[in-house]
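The values are calculated or read from the model by the stated rules, or taken from the named source; none is laboratory data. It should be emphasised that the depicted structure is a prediction, and the values quoted were computed from it without experimental measurement. All Cβ positions, glycine included, derive from the backbone under ideal geometry; neighbour counts span all protein chains shown. For the accessible areas, the whole protein counts, side chains as well, though only heavy atoms, and no ligand, DNA or RNA atoms are used. Shrake-Rupley method; radii C 1.70, N 1.55, O 1.52, S 1.80 Å.
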Amino acid sequence: MKSPVLSELAAAVRAGKPDAVETFWARAAATGTPLVEADATDPAYRLVTFVWRDDAREPASDVLALLHTVTDKDRHAHDLTGHLMEKVPGTDVWAISHRLRADHRASYQFSVARGPREETLRTDRRSWLRVLDTAVPDPLNSAPPLPARDGRHPSSVMELPDAPAQPWAHPRDGVPRGERVEAEVDGRRVSAHLPAGHRADGGPYAVAVLLDGEMWGPVLGFGDALDNLLAEGRIPPTVTLLVDTMGRDRRMADLSCSEEFVDWLAEVLLPWAAREYGATTDPARTVVAGQSAGGLTAAFAAFRRPERFGNVLSQSGSFWWPDGTEFDSGSEWLTRQFAVAERTGVRFRLEVGLQEWMLLPQNRHLRDVLQARGYEVSYEEFNGGHDYACWRGGLAAGLAELLADRDTDRG
């Protein structure tokens, strides 16, 4: 579908208007990018156009628009042409348009290529990592960027008008700040976010365990959201434990229904937080939260240790996880355990993206099984992918939901 704005630009250039290109870029800078236009056939959709300005001193041979999930490598494993932007003839404007539902949210970057197209479109792991290492955010997107780790550039965030609000994501003036304390617990790095006004003898405080804590702490700064939630009265004063996964190999071992890791959380981490920071021992006021394999592990933690973890917040949980049996290759092992085990009092909040084609059916299946077994389940599907740009909003909303009515210990 052709963007009316781009059609207008192309027509002006063909007509020889000398200021057409500068007028276009001035408009883009004023409105911000990507350019969002009405869909002529359905008001529930928008025509979204991503634009990149070529460098006259070092022109690009191609530009890739990397819109999370919509044009990612996994969906185009043998053909990356879906990423390729086109140059508007006679201009320095590279552009690509997508027809997207008006509630879509996604992170994105641009990769500027200066070489043969066949090299640009290679999909082997080494080439793809090089693309990710050099991709950059959109300089005309005015929204705060999404930070990255491993030295990579941040991403820009596309938020269409009907996307779920994320009111707590960014710092606010006048909000009392909590304190982040770095610690090592039994050889593992942990960051503790202590609520504003925290006193070690002021508890017992609600407690939230966030897996992949190295992302939520120093990279994404989720403490700002926690401070905003507390200031609004959406959560009680909460000790939040951000657990470092200690590298890729350790993460894969720990976040795959590991009894050893879950027992460590229950028997070492939570007692430590109770001693040091007055964290509660009440499972009804304890949340364990994670994304992807972390979402799987959050649910497994409550399955294995319901006397310690009374609330699960799973985002895009990898519930396809196999167990090496004849049902391997997507056996949904944990879902089968919930289907046959005795029901406990654990509460669940599950969310998954409509663009997560490998996870959506399995998350729906777990929801159905838990509801059939009589569990209290809150379930959300957001229009996005496997993306921290989406998860940060769901994590804040999920903590508010699970902790809001759990502000006193049950004796």
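Within the stretch 59-71, is even one residue open to solvent by 50 Å² or more (accessible area, probe 1.4 Å), assigned to a loop (DSSP other than H, G, I, E, B) and under 20 Å from residue 385 (Cα atoms)?
yes
Can you tell which of 17, 2 is in contact (Cβ under 8 Å) with a residue 60 or more places away in the chain and open to solvent by 60 Å² or more (accessible area, probe 1.4 Å)? Give the derivation first.
Values: 17 fails: in contact (Cβ under 8 Å) with a residue 60 or more places away in the chain.
Matching residue, one of 17, 2: 2.
Checking the condition open to solvent by 20 Å² or more (accessible area, probe 1.4 Å), under 30 Å from residue 247 (Cα atoms) and among the aliphatic types (A, V, I, L, M), which residue from 165, 148 passes? Even if it seems obvious, please write down each step before you answer.
Values: 165 fails: under 30 Å from residue 247 (Cα atoms).
Just a single option satisfies the conditions, and that option is 148.
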If a residue has to be open to solvent by 20 Å² or more (accessible area, probe 1.4 Å), of a type outside the set (D, E, K, R) and part of a loop (DSSP other than H, G, I, E, B) to count, how many in the stretch 334-374 make the cut?
8
Got a number for residues in the stretch 352-396 being in contact with a strand residue (DSSP E or B) (Cβ under 8 Å, 6 or more places away or on another chain) and over 30 Å from residue 158 (Cα atoms)?
4
Taking residue 115 and the conditions (1) part of a loop (DSSP other than H, G, I, E, B); (2) surrounded by 15 or more Cβ atoms within 10 Å (Cβ to Cβ); (3) touching a Ser or Thr at 6+ places or on another chain (Cβ under 8 Å), which numbered condition does it fall short on, given that it satisfies the others?
(2)
With the checklist (1) at pLDDT 95 or above; (2) of a type in the set (Ser, Thr, Tyr); (3) more than 30 Å from residue 20 (Cα to Cα) in hand, flag the one item residue 69 doesn't pass.
(1)
Hits in the stretch 131-142 (condition: surrounded by 15 or more Cβ atoms within 10 Å (Cβ to Cβ) and assigned to a loop (DSSP other than H, G, I, E, B)):
135, 137, 138, 140, 141
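How many of the residues in the stretch 369-396 are free of Cβ contacts under 8 Å to residues at least 40 places away in the same chain and among the aromatic types (Phe, Trp, Tyr)?
As a first pass, look at the stretch 369-396 and keep what is free of Cβ contacts under 8 Å to residues at least 40 places away in the same chain: 369-381.
From what is left, the residues that are among the aromatic types (Phe, Trp, Tyr) are 375, 379.
Summing the residues that are free of Cβ contacts under 8 Å to residues at least 40 places away in the same chain and among the aromatic types (Phe, Trp, Tyr) in the stretch 369-396 gives 2.
Considering each of 161, 171 in turn, give the residue that is assigned to a loop (DSSP other than H, G, I, E, B), out of contact with any Cys (no Cβ under 9 Å at 6 or more places or on another chain) and either closer than 30 Å to residue 85 by Cβ or polar (S, T, N, Q) (or both).
Answer to the selection: 161.
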Filter result for the condition that a residue is over 25 Å from residue 393 (Cα atoms), among the hydroxyl-bearing types (Ser, Thr, Tyr) and within 26 Å of the chain's Cα centre (by Cα), over 292, 258, 318:
258
If I go through the stretch 204-214 residue by residue, how many of them are open to solvent by 10 Å² or more (accessible area, probe 1.4 Å) and under 16 Å from the mean Cα position of the chain (by Cα)?
1
Which numbered condition in (1) out of contact with any Pro (no Cβ under 7 Å at 6 or more places or on another chain); (2) of a type outside the set (S, T, N, Q); (3) part of a loop (DSSP other than H, G, I, E, B) is the only one that residue 153 fails?
(1)
Tell me whether the stretch 85-107 contains one or more residues that are crowded, with 19+ Cβ neighbours inside 10 Å and free of Cβ contacts under 8 Å to residues at least 40 places away in the same chain.
yes
I'd like the full set of residues that are under 14 Å from residue 275 (Cβ atoms) and open to solvent by 40 Å² or more (accessible area, probe 1.4 Å), limited to the stretch 185-198.
186
Scanning the stretch 20-53 residue by residue, those within 19 Å of residue 121 (Cβ to Cβ) and open to solvent by less than 20 Å² (accessible area, probe 1.4 Å) turn out to be 50
If residue 201 satisfies all but one of (1) in contact with a helix residue (DSSP H, G or I) (Cβ under 9 Å, 6 or more places away or on another chain); (2) open to solvent by 30 Å² or more (accessible area, probe 1.4 Å); (3) assigned to a loop (DSSP other than H, G, I, E, B), what's the number of the condition it fails?
(1)
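Would you mind stating whether residue 250 is under 24 Å from residue 377 (Cα atoms) and among the basic types (Lys, Arg)? Before the answer, list the steps.
Working: under 24 Å from residue 377 (Cα atoms): no; among the basic types (Lys, Arg): yes.
Spelling it out, it is not the case that residue 250 is under 24 Å from residue 377 (Cα atoms) and among the basic types (Lys, Arg).
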